[in-house]
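Remarks on the structure that follows.
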Amino acid sequence: MASHGDIITILSIDGGGIKGIIPGIVLAFLESEIQKLDGEDARLADYFDVITGTSTGGLVTAMLTAPNEKNRPMFAAKDIKDFYLENCPKIFPQDGGFFGNSARTVKSLTGPKYDGKYLHEIIKEKLGDVKLHQTLTNVVIPAFDIKILQPAIFSTFQVKNDAYPLKDALLSDICIATSAAPTYLPAYYFKTQDSNGGEKEYNLVDGGVAANNPTLIAISEITKEITKGNAQLKHVAATDYGQFLVVSLGTGTARNEEKYNAQEAAHWGIISWLTAYDSSPLIEIFGESSSDLVDYHVSTIFQAKHNKEGYLRIQEDDLKGDTTQMDLATKENLNNLVKIGEKLLKKTVTRVNIETGEQEPVGQITNEEALKMVAKLLSREKQLRDIRKPTATVANSK
């Protein structure tokens, strides 16, 4: 954490199914810029105090922070794209054609569109028996417990010092749960146990139900640590967002495409709200509204605290056609999402106008240029912490 540095650094990744490729492209660029400064072994987990993600963002969070046999991140950021290109068609198999689409729509009336078996297998294979407390930096991954109708926040802050041992679940179980989007993938059940024989059961669905953009949850977890008197954060006031650096990545939205309208929706019943246009309008609306409200709230706070540069939100708001779908895992659509991520880097940085709620350009700086500045800040912060960190050597003790 920031006990030996000047800022608290947070990376946040939205949910969005296969559209997780878009933030994957952005993360690969950011990590490559850090490597230019600090060497090819540099990884994002070395630079962010907290990495948080919902749904597909939760999976990316685990990829960036789960340790391998050398106690380094299992995945470099550049590997995320290839993981999605290889595995998304197996997670969301496409039957193709009109009859394939119709079959999936009919299936969604009686159960999830996809059985989730391959997703479960690949996550368990990659993450193995890694538990939440073992991540290489702090992580915060939300899900939603449908049995008790409240969010389930899996946070390394909560499991440190055995404060909440029953939340120290397998990282694979957490990732499967946060990805269990209603109507798309089955809800997920698991239990945890502690050393005293205590048990806790979880009945979970996608964290996007509660927080598709988990930025605010991560900030809240840090604020709780500050108010509890965490020694590493004793120099930070609970409301002092001037010491925060937040990078928040969206998975794309169709803000500029008229996807639905009130004239049509006025006649929809429950089936249409769940299956119109071979998608789930209700789930999309929950996800989009959650992401936008969090962005609006966080942006407002940072502007009010005179730290506009401390919050960077990168979001593609001009998705169209097939690229708006979270599960259309055709080769063509996945490759188009890669191109969208690459083009997004060249677009101008935008910030929400707190008067209108609209995204507006911030000068002439591009997302690529902003990320280069972030890389320099992260590198400088890490060097500062390394210099200030107390060291105790045998030589010094003599």
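The values are calculated or read from the model by the stated rules, or taken from the named source; none is laboratory data. What you see is a predicted model, and the numbers here were worked out from it, not measured in a lab. We place every Cβ from the backbone using ideal geometry, glycine too, and count neighbours over all the protein chains shown. SASA here: full protein model, heavy atoms, side chains in, ligands and nucleic acids out. Shrake-Rupley method; radii C 1.70, N 1.55, O 1.52, S 1.80 Å.
What number results when the radius of gyration of the chain, computed over Cα atoms, is divided by 2.2 N^0.38 Å? The chain yields a ratio of 0.98. The long axis of helix 215-227 is offset from the longest Cα principal axis of the chain by roughly 30 degrees. Rounded to the nearest 20, the size of the Cβ-charge dipole of the chain about its Cα centre is 920 debye, with Lys and Arg at +1 and Asp and Glu at -1. For the listed residue pairs Lys228/Lys382; Lys36/Lys320; Lys113/Lys331; Lys90/Lys339, the alpha carbons are over 27 angstrom apart in Lys36/Lys320.
The lysines whose alpha-carbon is closer than 18 Å to the alpha-carbon of Lys191, local same-chain residues fewer than 8 away aside, are Lys124, Lys131, Lys147, Lys167, Lys200. Think of the chain as a dipole: +1 on every Lys or Arg Cβ, -1 on every Asp or Glu Cβ, centred on the Cα centre; then among Val298, Tyr184, Gln243, Gln243 lies furthest on the positive end. As a rough guide to protection, the peptides 80-89, 211-220, 242-251, 60-69 ranked by mean Cβ packing within 10 Å, highest first, stand as 211-220, 242-251, 60-69, 80-89. Calculated [222 nm] ellipticity per residue, helices only, for the chain: -13000 deg cm²/dmol; basis is -39500 (n - 2.57) per DSSP H run with n ≥ 4, divided by all residues, nearest 500. Using modelled backbone amide H atoms (1.01 Å from N, in-plane), which distant-in-sequence or interchain residues come within less than 5 Å of Val349's amide H? Those qualifying (amide H under 5 Å, at least 5 residues apart or on another chain) are Val362, Ile365, Thr366, Asn367. Excluding ligands, DNA and RNA, the accessible surface per residue across the chain is 46 Å² with a 1.4 Å probe.
When peptides 137-146, 371-380, 190-199 are ranked by their average number of other Cβ atoms within 10 Å per residue, the highest-first order is 137-146, 371-380, 190-199. Rounded to the nearest 10 degrees, what's the angle between the helix 117-127 long axis and the longest principal axis of the chain, both from Cα atoms, 0 to 90? Its long axis makes an angle of about 10 degrees.
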